[in-house]
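Read the structure below first, then the notes.
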Amino acid sequence: MRPNALNGVCPYYTMFPLDFPLRVLKEHGKRGDWVIDPFCGRGTTNFAARLLGMPSMGVDSSPVAAALAGAKLVSAEPGRVVANARAILNATKEPISIPSGEFWRLAYHEHTLMQLCQLREALLCECSSSTRILLRAIILGALHGPRPKMAPSYFSNQSPRTFAPKPNYAVKFWTAHGMCPDDVDVLSIIKTRANRYLSEPLPDVEGKVELGDSRVENTFSDMPKTRFIVTSPPYFGMRTYLPDQWLRLWFLGGPDYVEYRQPEGQLEHLNPAHFATEMGRVWKNVASHATAGARLIIRYGGINDRAAEPMDVLKKSLIDSGWRMVTAKAVPDSDNGRRQVRQFQFEPKKAITEHDVYCHLA
């Protein structure tokens, strides 16, 4: 087993590769240095810090991101996670609520959906232990994905694994291809994944993840001064984090349909200048909790359908933020390791070049 297996517990469309924060923290940091990621996503920076014996804090406004990132900082034996899932499924209590409609009928076998609802309601009732935090993350990672030729590894009908299928399109796709959901062995999938992600012991390192808004001044008030902020903020115009994760959000207590409203806590994308100002508030907050000689390292890029130069947006966000940009390096090929987006047969556009930007306290 690989010691970094847990980092892959759940794919996430906007994730950056583990080698980015690992390289940065190995080159410039040392064991015991505090690390902050104010846009932590699925917790890759926090996991890298843990591997290096560096305590960390992550903040994200998405419940899905916070649940996944939190799982990167805890430990439990695979057998205990499986036993917990088995105990929930063996309970005689029926789910209070089971989603209905054509999408749900085609997305999951009736028996599979009932078991997922049992697990969902139990974890919504209590999910404070490390065992349950990891069980929840494992289920989120298996909630939807492609149907393999061998043993099933996801609970759903054919789907993307990084983002949730949109109901209308998915129903048309499944119907046109004559695809019906299999009655998968939910506990077996959990067991396989628990053994994959949890068999290798990881260091116990202090850390926490908060579901919150990094623009709020007191978000970091109860943590020690930090030496490193390593992060990848949302790209301007990318506002679909929660709609793209709506099935995982449902499992965490959200609605059983897609909501397209702008959620609280996310940066506002009114225009590039306003977005830069919003991002600058975050840089000011982390600067106020940084030690002398602290570094801010940002990986940043853009999306194709927004007429804004990503580096211009980022540079504006750093004005009067307390940080001074020292250097910016282009990531060699932003299309390398593109996230899996082809289960529903569409071709992604070529990625805009990303940059790694290094800043010092002004």
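The values are calculated or read from the model by the stated rules, or taken from the named source; none is laboratory data. Every value quoted in this text rests on a predicted model; they were computed, and no experiment measured them. No Cβ is skipped: glycine too gets one built from the backbone with ideal geometry, and neighbour counts run over all protein chains shown.
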Residues located in the range 73-95, provided they are basic (Lys, Arg) and either within 11 Å of the chain's Cα centre (by Cα) or assigned to a helix (DSSP H, G or I) (or both): Arg80, Arg86
Name the residues in the range 279-305 that are surrounded by fewer than 18 Cβ atoms within 10 Å (Cβ to Cβ) and more than 22 Å from Asp222 (Cα to Cα), would you? Ile303, Asn304, Asp305
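If you check Pro55, Pro21, Pro38, Pro17, which single one turns out to be closer than 26 Å to Thr291 by Cα and either small (Gly, Ala, Ser) or touching a Gly at 6+ places or on another chain (Cβ under 7 Å) (or both)?
Numbers: Pro21 fails: either small (Gly, Ala, Ser) or touching a Gly at 6+ places or on another chain (Cβ under 7 Å) (or both); Pro38 fails: either small (Gly, Ala, Ser) or touching a Gly at 6+ places or on another chain (Cβ under 7 Å) (or both); Pro17 fails: closer than 26 Å to Thr291 by Cα.
Selected residue: Pro55, the only one of Pro55, Pro21, Pro38, Pro17 that is closer than 26 Å to Thr291 by Cα and either small (Gly, Ala, Ser) or touching a Gly at 6+ places or on another chain (Cβ under 7 Å) (or both).
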Given (1) crowded, with 16+ Cβ neighbours inside 10 Å; (2) at pLDDT below 95, number of the condition Pro224 does not satisfy: (1)
Test Tyr154 against the stated conditions and say whether it is within 12 Å of Val186 (Cα to Cα), in contact (Cβ under 8 Å) with a residue 12 or more places away in the chain and touching a strand residue (DSSP E or B) at 6+ places or on another chain (Cβ under 6 Å). yes
Looking at the range 58-72, can you tell me whether even one residue there is under 12 Å from Glu206 (Cα atoms) and assigned to a loop (DSSP other than H, G, I, E, B)? yes
Residue tally, condition surrounded by fewer than 21 Cβ atoms within 10 Å (Cβ to Cβ) and either outside the structural domain of Ile298 (by TED's automatic domain parsing) or free of Cβ contacts under 8 Å to residues at least 40 places away in the same chain (or both), over the range 14-54: 10
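Here is a list: Val286, Val282. Which entry is closer than 22 Å to His28 by Cβ and in contact with a Lys or Arg (Cβ under 7 Å, 6 or more places away or on another chain)? Write out each step before concluding.
Details: Val286 fails: in contact with a Lys or Arg (Cβ under 7 Å, 6 or more places away or on another chain).
Just one listed residue meets the conditions, Val282.
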When residues of the range 206-236 are filtered for being outside any strand (DSSP E or B) and within 22 Å of His274 (Cβ to Cβ), how many remain? 12
Please enumerate the residues belonging to the range 1-21 that are farther than 15 Å from Val209 by Cβ and touching a Leu at 6+ places or on another chain (Cβ under 7 Å). Pro3, Asn4
Does the range 108-118 contain any residue that is of a type in the set (Asp, Glu), under 23 Å from the mean Cα position of the chain (by Cα) and over 26 Å from Gly212 (Cβ atoms)? no
Given (1) at negative phi; (2) surrounded by fewer than 19 Cβ atoms within 10 Å (Cβ to Cβ); (3) in the same structural domain as Gly141 (by TED's automatic domain parsing), identify the lone condition not met by Pro181. (2)
Any idea which of Leu267, Leu247 is touching a residue at least 12 places away in the same chain (Cβ under 8 Å) and either in the same structural domain as Tyr108 (by TED's automatic domain parsing) or in a loop (DSSP other than H, G, I, E, B) (or both)? Leu267
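Within the range 276-291, can one find any residue that is farther than 29 Å from Phe155 by Cβ, outside any helix (DSSP H, G or I), assigned by TED's automatic domain parsing to the domain that holds Leu211 and of a type in the set (Gly, Ala, Ser)? Lay out the reasoning, then the answer.
Initial filter on the range 276-291 (farther than 29 Å from Phe155 by Cβ): 276-291.
Checking which are outside any helix (DSSP H, G or I) leaves us with 288-291.
Next cut, assigned by TED's automatic domain parsing to the domain that holds Leu211 only: 288-291.
Then drop every residue that is not of a type in the set (Gly, Ala, Ser), which leaves 288, 290.
Yes, the range 276-291 contains at least one residue that is farther than 29 Å from Phe155 by Cβ, outside any helix (DSSP H, G or I), assigned by TED's automatic domain parsing to the domain that holds Leu211 and of a type in the set (Gly, Ala, Ser).
The rows are residues; the columns are (1) under 14 Å from the mean Cα position of the chain (by Cα); (2) charged (D, E, K, R).
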| residue | (1), (2) |
| --- | --- |
| Asn7 | yes, no |
| Asp19 | no, yes |
| Leu22 | no, no |
| Phe47 | yes, no |
| Leu51 | no, no |
| Ala71 | yes, no |
Considering residues that are acidic (Asp, Glu) and either over 29 Å from Lys93 (Cα atoms) or in contact with a Lys or Arg (Cβ under 7 Å, 6 or more places away or on another chain) (or both), the number found within the range 121-175 is 1
Among the numbered criteria (1) surrounded by fewer than 16 Cβ atoms within 10 Å (Cβ to Cβ); (2) basic (Lys, Arg); (3) over 30 Å from Gln118 (Cα atoms), which one does Arg261 miss? (3)
